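Read the figures in this text as sums done on the coordinates, not as results from a lab. All of these numbers come straight from a predicted model, not from anything done at the bench. Here the Cβ positions follow ideal geometry from the backbone for every residue, glycine too, while neighbour counts run over all protein chains shown.
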Amino acid sequence: MTESTHTSTASPVAPAEVGGLAPGGFEPLLLAVLSPAFGYALRLARNRADAEDLVQDASLLAFRAAHTFEPGTNFKAWFFQILTRCFYARHRRQQRRPTTVDLEDTPDLYLYSRSAAAGLPWEGEDPASLLIDRLGSERVEAAIEQLPEEYGTVCALYFTEDFAYHEIAAVLGIPVGTVRSRLHRGRKMLQKVLWHVAEEAGIVRDLAHREERP
């Protein structure tokens with residue numbers, strides 16, 4: 001009896017297709033996040049050359065792990081998770097720049113109390129939002145960089161990259177509850193830094209003078 005043979009006509013699966021990505025689907029997703037990824041890497045690494053290396057390393061690792069990405073989920077969060085792991089693998093022993101503001105024991109509603117003391121009645125508006133609008137994105141990012149690393153990274157992902165709590169948790173490999181607690185404390189610290197930056201930039205003085213005008 002002759003054993004019948006069966007020849008499969010299915011085409012081989014490319015590595016990037018295993019997770020459900022269409023052929024050529026990885027590159028457009030990667031290109032779309034490279035710009036914000038470099039900004040995030042720059043905040044982590046603190047210099048352009050290291051940031052470029054981080055993005056390059058993360059891109060290679062992401063390509064190799066493309067089969068683990070689930071189409072329909074947040075590719076940016078997935079890539080930032082790989083980028084963050086690359087950073088900690090390469091720079092775990094490096095220290096961040098020392099902060100220029102004492103951030104310990106920052107009280108609640110710090111900006112409200114300092115604004116009132118400086119004679120800046122916000123009339124129910126959020127002082128943090130108003131200061132952020134006047135400071136501009138570059139100064140705000142510089143303020144976030146002054147926070148201790150564990151709080152600054154969470155604040156950067158939340159305020160700058162617009163990640164949700166569960167996405168930040170996935171990026172950093174920590175529980176959502178830890179994200180919430182770090183963000184809560186980071187916000188308090190950020191209020192103090194924002195006020196300090198606004199004073200140095202003359203924004204507090206200008207606003208106070210405006211309030212004094214009849």
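Quick notes on this one:
- What the phi angles of the range 49-59 give under the Karplus curve with 6.51, -1.76 and 1.60, with θ = phi - 60°, is a coupling list of 4, 5, 5, 4, 5, 4, 5, 5, 4, 5, 5 Hz, glycine and proline written as x.
- Peptide packing for 197-203, 156-162 was compared via the average number of neighbouring C-beta atoms within 10 Å per residue; ordered from the highest value, the list is 156-162, 197-203.
- Gyration tensor (alpha-carbon) shape descriptor, the range 153-193, a/c threshold 1.5: oblate
- Convex hull volume of the range 22-91 per residue (C-alpha atoms, cubic angstrom): 77 Å³
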